[in-house]
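What follows draws every value from the coordinates through simple rules; no lab data is involved. None of these values were measured; they are calculated from a predicted model. Glycine gets a Cβ as well: all are built from the backbone with ideal geometry, and neighbour counts include every protein chain shown.
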Amino acid sequence: MSLKPKSRVEAVTPYASDESKREQITRAFDALARRYDRLNRILSLGLDLGWRRRALRHLCSEVPAHVLDVATGTADFAILAARRLPGSRITGIDLSDGMLAAGRKKVAAAGLDARVTLKTGDCLALDFPGATFDAATAAFGVRNFEDLGAGFAEIRRVLKPGGRVVILELSEPRAFPLRPLCRFYLRHAVPLVGRLLTGLAREYRYLPASIEQVPQGEAMLGLLRAAGFSECRFETYTFGLCSCYTGRVRA
C-alpha cells in the first residue's frame, strides 16, 4: 500500500542558520543533554511525569511485545514504559548522541539494559524493516520533526497490523485566561529560567515557538489519518497544557 500523507514541514528552528532543521535540532539537544532532565522537571513544574504515566495507560491493557520510542531523548519515556509494561522490550531512537549517552546511563542505573536499547536514528528514515514493532510512542518530540507527515508515515510503516501509536505533545490551552497566561510563561519565563540555569538562550526561545506552531487537536489527527492510521483520537491533560494522540494500524 502506498502512503502519501500531506506534507507538514516544520519551519521553526532553534537557530537562524542555513542548516536543516534536523541538523539544528541535533546540535541544540547535544548542548542541552546534561541539564535536560532537571530543566524539564523545573519548567513543567513536575507535571510531565504524570502526563507520561497517563499516556502509557493506552498500552497497559495490550502489553505490546516490542515498542519503538521515537525521539527518546534521555529515555524517560522508554524507562517508564519498560517499568509499566513488564513484558515489553523497548527500542528508543534519537538524533542526538548527547541525549542518548545520558539515556544509556539512566537505563543502566535502572537495571534495564536487557530490555531497553537506545540507538541513533532519524524518524524520517527509520532503520527497521516494515512491520517490526507492536506499538510506537513519542513523548514531546514530534514538534521537532522536520516533516510531520513523513515522520508519521515512517512510524506507520514499521508498525505491525493492529499496532498502536501513542504521541504525547505540549499544547496550548484554549480557554481564557489560561491561553494568554500560558503564552506569557512560555515566551518569557521559560527562556529566562533556561538561560539562567544553563547559559543557553536560543534553545529555550525555540521551545515556545515550536509549541505554538505544531498542529494540535483535530489538525494533528488529520496528519495521523493521512499517514494511514485509523481509530485516531486525542485527549488533553491539565487544562490543555498537554495532548495525547492515539491511532492504530488496521489489522
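Looking at the chain only, what percent of DSSP beta bridges run antiparallel? Nearest 5 please.
Of all bridge pairs located within the chain, approximately 45 percent are antiparallel.
If the chain between A110 and L197 were fully stretched, how many nm would it gain, using 0.36 nm times the residue separation less the Cα-Cα distance?
So the chain would gain 28.7 nm between A110 and L197.
Find the lysine pairs in the chain meeting two conditions, Cα atoms under 23 Å apart and a separation of 8 or more places or different chains, and report how many there are.
Step by step, the pairs that qualify in the chain add up to 8.
Taking springs between alpha-carbon atoms closer than 10 angstrom, which of A71, A110, A201 fluctuates most in the Gaussian network model of the chain?
Between A71, A110, A201, it is A110 that shows the largest mean-square fluctuation.
Quick one: Debye curve from the alpha-carbon atoms of segment 160-251 only, equal weights, vacuum; give me log10 I(q)/I(0) at q = 0.16 Å⁻¹ to two decimals.
Log-scaled intensity ratios, in q order: -0.72.
Translational D (Stokes-Einstein, µm²/s) of segment 110-157 at 20 °C and 1.002 mPa s when Rh comes from the Kirkwood sum over C-alpha pairs?
Calculated translational D: 175 µm²/s.
Going by C-beta contacts inside 10 Å, put F176, F229 in order with the fewest on the left.
By the 10 Å Cβ count, ascending: F176, F229.
Compactness ratio of segment 51-146: Cα Rg over 2.2 N^0.38 Å, N = residue count?
So segment 51-146 has a normalised radius of gyration of 0.98.
Per Stokes-Einstein, at 25 °C and 0.890 mPa s, what whole-number D in µm² s⁻¹ belongs to segment 115-201, with the Kirkwood radius over Cα pairs as the hydrodynamic radius?
Once the numbers are plugged in, D ends up at 156 µm²/s.
Want the number for E218 to T132: 0.36 nm per residue separation, take away the alpha-carbon distance, what's left?
28.2 nm
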